[in-house]
Amino acid sequence: MSERRPAIVRVGAVLLACALFALSAVWTSPSAQGRIQVRVETLVAPDTLRLGQPVTMTWRAWLPKGSQTTFPARPADDSLHHWTAWTTTTRDLKGEYREHRLTARFQTFALGTVEVPGPPLLFRIPGEAARQGRFPVARFVVVPVVPDAAPEPPLRDLHPLVPPPWWATWPWLWIAVGVAAAALLAFAIWRWRRRQRRAPVATAEGPAVPLEAPEVEARRRLGALRARNLPAAGRTYEHGTELADLLRRYVERRFGSPQPGYTTGELARHLAARGDVRATDVDELRDLLQSCDLTKFARRPYDAPRAHAAELIAARLIDTWATSRAEAA
C-alpha cells in the first residue's frame, strides 16, 4: 500500500499538468500566438500590350472579417504614364475572411519591360496592432505599334492635336486677378495722364522688316538642323518633327497653301491639283512627311543614315522649287 501511494501521486501530478496546459491553450490570446499571416496577390491583364494600350492591374488581399484597411490615393500622372481608373472594393467570402481589392487601369508610353511598384496597404486585424505592407510589383511588356522590320503601313490623314480652349486651361481665380490688375493699371495711367496735361510725343515708326524668301528661310533652318546632328545623339523624334515643320512652312509659303493645318495627304493632293508641280516631287514629299509623321505620332525610330538621306531629299526639293519660282518670276 505504501508503494502504490507515490505512483498515485505521480499520476495525479501528470494529470494536473495536462489540465493546466489545456486550460492555458483555450484562453491564450491571439497576440500570444503570433500575428496572423496575410495573403496578397497581384494580377496584370494583359501581360503584353502595344504602345498606348491600357492595362488593368488588380491587387488583392485576404484579411479576417472585421479588419480595417486603408488604400493609398491614386498616384500622379507624368509625361509617360497616365492612370485612367483607381477603385477599391471589398467582397465577403465563405468562412472567416474577406477580400479587399484595388483595381487600376494604367496607360503607358514607355517601351520594353515596365515595372509598376505595388501600392502600400495599411490594415488592422482585430486583436492585433496596425500593420503596413506593400503589394508585389506588377510587370508587363510594351511593344511598339509599328515593328522595325515590317514595312511601313500607309497612314490615314493624321490631324494635329487640337489645343484646349483658354477657359479650360486657366483657373477663373487667375482670370479675375488679371482683370482687376488691368483695371488698376488703366486707372493709374489715366491718373498719370491727367496730371501730366501735356501733348503726347509723336514717334515715327521705322520701315517694316521684310520677310525672308521662302527658300532662304527653309535653307537656313535645314542648315541649322544639320548642324545640331540630332540623329547621332538618338534624338530622332526632335529631328523628324523639325524637318517636317520646315518643309510644311516652305510649301505653304512657296505655293500659297490656304490652310496651314493640312495633313500630309491633303497637302499632297493640293500640290497635285495645281498642275505646275511634278508628280515625282509630290510623291517624294508625301513619303518624307509620312516618315516624319510615323516618328512623331508612333515613335518609330530610324538611324542616322536614314535621317541624313531625308535631309538630302528635303534640300533637293527646296532647290527644285526655288529654281522654278525664279524662272516663273
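The values are calculated or read from the model by the stated rules, or taken from the named source; none is laboratory data. As the structure is a computational prediction, the values presented were derived from the model and not from experiment. Backbone-built Cβ (ideal geometry, glycine too); neighbour counts: all protein chains shown. Calculation scope for accessible area: heavy atoms of the full protein, side chains included, ligands and nucleic acids excluded. Shrake-Rupley method; radii C 1.70, N 1.55, O 1.52, S 1.80 Å.
So which residues in segment 227-241 are surrounded by fewer than 18 Cβ atoms within 10 Å (Cβ to Cβ), of a type outside the set (A, V, I, L, M, F, W, C) and in a helix (DSSP H, G or I)?
Within segment 227-241, 228, 237, 238, 241 qualify.
Listed here are the residues, each with its yes/no results for (1) at pLDDT 75 or above; (2) at positive phi; (3) open to solvent by 100 Å² or more (accessible area, probe 1.4 Å); (4) out of contact with any His (no Cβ under 6 Å at 6 or more places or on another chain).
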| residue | (1), (2), (3), (4) |
| --- | --- |
| 140 | yes, no, no, yes |
| 147 | no, no, no, yes |
| 152 | no, no, no, yes |
| 156 | no, no, yes, yes |
| 173 | yes, no, yes, yes |
| 189 | yes, no, no, yes |
| 194 | yes, no, yes, yes |
| 206 | no, no, no, yes |
| 215 | yes, no, no, yes |
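Scanning for something among the polar types (S, T, N, Q), within 30 Å of residue 51 (Cβ to Cβ) and at pLDDT 85 or above, does segment 259-280 turn up at least one residue?
No; the residues of segment 259-280 include none that is among the polar types (S, T, N, Q), within 30 Å of residue 51 (Cβ to Cβ) and at pLDDT 85 or above.
Which residues, taken from segment 298-311, are part of a helix (DSSP H, G or I) and open to solvent by 70 Å² or more (accessible area, probe 1.4 Å)?
Passing the criteria: 305, 306, 308.
Test of understanding: among 60, 39, which residue is basic (Lys, Arg), within 17 Å of residue 135 (Cα to Cα) and at pLDDT below 90?
Exactly one of 60, 39 is basic (Lys, Arg), within 17 Å of residue 135 (Cα to Cα) and at pLDDT below 90, namely 39.
Just to confirm my filter: which strands (runs of 3 or more DSSP E) fall fully inside segment 29-116 and include at least 1 residues that are touching a residue at least 40 places away in the same chain (Cβ under 8 Å) and open to solvent by 40 Å² or more (accessible area, probe 1.4 Å)?
The strands (runs of 3 or more DSSP E) meeting that bar are 39-45, 48-50, 55-64, 68-70, 97-108.
Can you tell me which residues in segment 120-143 are in contact (Cβ under 8 Å) with a residue 60 or more places away in the chain and not in a loop (DSSP other than H, G, I, E, B)?
Passing the criteria: 121, 123, 131, 133, 138, 139, 140, 141, 142, 143.
Take residue 280 and tell me if it is of a type in the set (Ser, Thr, Tyr) and open to solvent by less than 70 Å² (accessible area, probe 1.4 Å).
When the stated conditions are applied, residue 280 does not pass them.
Is it fair to say residue 295 is modelled with pLDDT under 80 and either in a helix (DSSP H, G or I) or buried (at least 19 other Cβ atoms within 10 Å of the Cβ) (or both)?
In short, yes.
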